[in-house]
1. Among the candidates Ile386, Ile298, which residue alone is touching a Leu at 6+ places or on another chain (Cβ under 9 Å), under 25 Å from Trp469 (Cβ atoms), β-branched (Val, Ile, Thr) and at pLDDT 90 or above?
2. Could you tell me which numbered condition Leu250 fails, if it satisfies all but one of (1) surrounded by 12 or more Cβ atoms within 10 Å (Cβ to Cβ); (2) at pLDDT below 90?
3. Mind listing whichever residues of the range 385-405 are more than 30 Å from Lys494 (Cβ to Cβ) and either free of Cβ contacts under 8 Å to residues at least 12 places away in the same chain or crowded, with 21+ Cβ neighbours inside 10 Å (or both)?
4. Considering Gly334, Gly291, which residue is more than 14 Å from the chain's Cα centre (by Cα), crowded, with 19+ Cβ neighbours inside 10 Å and modelled with pLDDT under 85?
5. State whether the residues of the range 422-431 include one that is buried (at least 24 other Cβ atoms within 10 Å of the Cβ), touching a Phe, Trp or Tyr at 6+ places or on another chain (Cβ under 8 Å), in contact (Cβ under 8 Å) with a residue 60 or more places away in the chain and among the β-branched types (Val, Ile, Thr).
6. Need the failing condition index for Gly417 against (1) open to solvent by 40 Å² or more (accessible area, probe 1.4 Å); (2) closer than 18 Å to Lys209 by Cβ; (3) part of a helix (DSSP H, G or I), just the number.
7. Kindly evaluate Leu282 against the criterion of being surrounded by 19 or more Cβ atoms within 10 Å (Cβ to Cβ), modelled with pLDDT under 90 and not small (Gly, Ala, Ser).
8. Identify, from the list Gly422, Gly417, Gly436, the residue that is over 19 Å from Gln219 (Cβ atoms) and among the small types (Gly, Ala, Ser).
Amino acid sequence: HRRSSLKFESPSAENMERYESDAEGDEQQKPLLRRRQEDKVRRAPACCSSRYGLALLSSYGFFVVYSLRVNLSVAMVDMLNNTHQASGNHSGSVCTPHDSPAQPKHNQSASVYNWDSATQGWILGSFFYGYILTQIPGGYLAGRFGAKWLMGFGILGTVLFTLLTPLAADLGASYLIAVRVLEGIGEGVTFPAMYTMWAAWAPPLERSKLLTISYIGAQLGTVVVLPLSGEICFYMGWPYVFYLFGAVGLVWFILWAFLVFDSPNSHPRISEEERLYITNSLKNELSTTAGYIPWRAIVTSVPLLAIVVAHFSYNWTFYTLLTLLPTYMNDILGFSIQENGFLSALPYVGCALMAVLSGQVADYLRETCFYRTVIVRKSFSLIGMIGPAVFLVAAGYTGCNYKLAVTFLTISSALGGVSASGFNINHLDIAPSYAGILLGITNTFATIPGMVGPVIARALTHNNTIEEWQTVFYIAAAINVFGALFYTVFGRGKVQPWAVHTGYSHGD
């Protein structure tokens, strides 16, 4: 009787997104929206729930993903012969070097290398050459065989190759590039796999909350690893950057293997109340045709193209800062390896905070204020893309005023966090059944900036002048603005007809 009662009380919530999408531009549908207040779904509590447990553990997973991705950006400063100084101070920067304590002698035995700026660009960008290969296959395999083990073994593979990084660097730049490519192949499946899992776990009106909690791990990984890598390089030597964070990844894999399951129905410890809440809220959104993928409709979908363009544009700015901000801090502003990590992390502190806040606000606007999903997604995307572009350009004109430069870069990245509730999770709005595949497609194109961005930026900054870096920032900002405007025109917020194979019509 209890199960029957729960099923009876939830139909209106199952159709909340349908009411919302049907009501786009239709004033006569407003009474339906008002009824949502009167007969909301009986929600399973969030505290100690399986869905929020998944959010936290996946957040830890993305912490590992980004810690293994960005640690080289800081370690690179200490791996180069022309920046390795016995005193621990930087020399040769455009601005006056900042004083820092002498580096302990016991860690100065770590190898250093004579890589020119072009080689550095290829090493920093090589990760993405592997990363791009497994985006679409990752989405397909996650839907076909399950997301849990695909994501688990993908990150485990990255961990193992991270542990081999110091050996590869000693063997030569080409070996290091090969190892980074293999790391990228492992990490390439993670986001598509997690989107596939969220399609089965995230109730529609909790998507922004759950996904921003999940993906804030990526920002936290950047926030923690950049300064901590600087300290590890300073006190222990750069090889330990890869050893220590590799160990953190091994711990995550053990927890993931024993605590995570592909769906609520396969979870042995989930409460019946929560299981019914999740499955009932999703049953009218997920495809009932197992194994069928409407490839023609997917590749010709204009709303998907809008996400592709926005994702590509945003990542150009994001990856430019992610891979080259420590170099900018070192070569232009004159910060030592110890200071570099802390200052490079500040922009991502703001980004992480804004990402979580935007998730709460986005779901509040959709559920309580009845704002249409498409309006929320576009508004948050505009703020999260044009705002960063403005402050990124401004940072290039601060000269040697390092306080103002760090402030502008921090504001730029913080505003970028707002897009976490914009185009970034729009895949689940337009096609939840195929969210992993869609994310694989968009992330394939969005990986291109990581491949070519560092190479282009280092080619443009061969002399390391402020004017050269201004050009890099202008290019990133222009691409960001274009992506925001394109998404605003062509983005959509409702489930697309080709993504649902059920008995009802969207026009009902």
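The values are calculated or read from the model by the stated rules, or taken from the named source; none is laboratory data. Just so we're clear, the structure is a prediction, and the values are computed from it rather than from any experiment. Glycine gets a Cβ as well: all are built from the backbone with ideal geometry, and neighbour counts include every protein chain shown. What goes into the accessible areas is simple: the full protein's heavy atoms, side chains included, and nothing from ligands, DNA or RNA. Shrake-Rupley method; radii C 1.70, N 1.55, O 1.52, S 1.80 Å.
1. Step by step, each of Ile386, Ile298 is checked, and only Ile386 is touching a Leu at 6+ places or on another chain (Cβ under 9 Å), under 25 Å from Trp469 (Cβ atoms), β-branched (Val, Ile, Thr) and at pLDDT 90 or above.
2. Evaluating Leu250 over (1) surrounded by 12 or more Cβ atoms within 10 Å (Cβ to Cβ); (2) at pLDDT below 90 leaves (2) as the failure.
3. Our first condition is that a residue be more than 30 Å from Lys494 (Cβ to Cβ); within the range 385-405, this holds for 390-405.
Result: Phe391, Leu392, Ala395, Gly396, Thr398, Asn401, Lys403, Leu404, Ala405.
4. Working: Gly291 fails: crowded, with 19+ Cβ neighbours inside 10 Å.
Of the residues listed, the single one that is more than 14 Å from the chain's Cα centre (by Cα), crowded, with 19+ Cβ neighbours inside 10 Å and modelled with pLDDT under 85 is Gly334.
5. no
6. The one condition Gly417 does not meet is (1).
7. Details: surrounded by 19 or more Cβ atoms within 10 Å (Cβ to Cβ): yes; modelled with pLDDT under 90: yes; not small (Gly, Ala, Ser): yes.
Here the answer is yes, as Leu282 does meet what is asked.
8. Working: Gly422 fails: over 19 Å from Gln219 (Cβ atoms); Gly417 fails: over 19 Å from Gln219 (Cβ atoms).
Only one candidate qualifies: Gly436.
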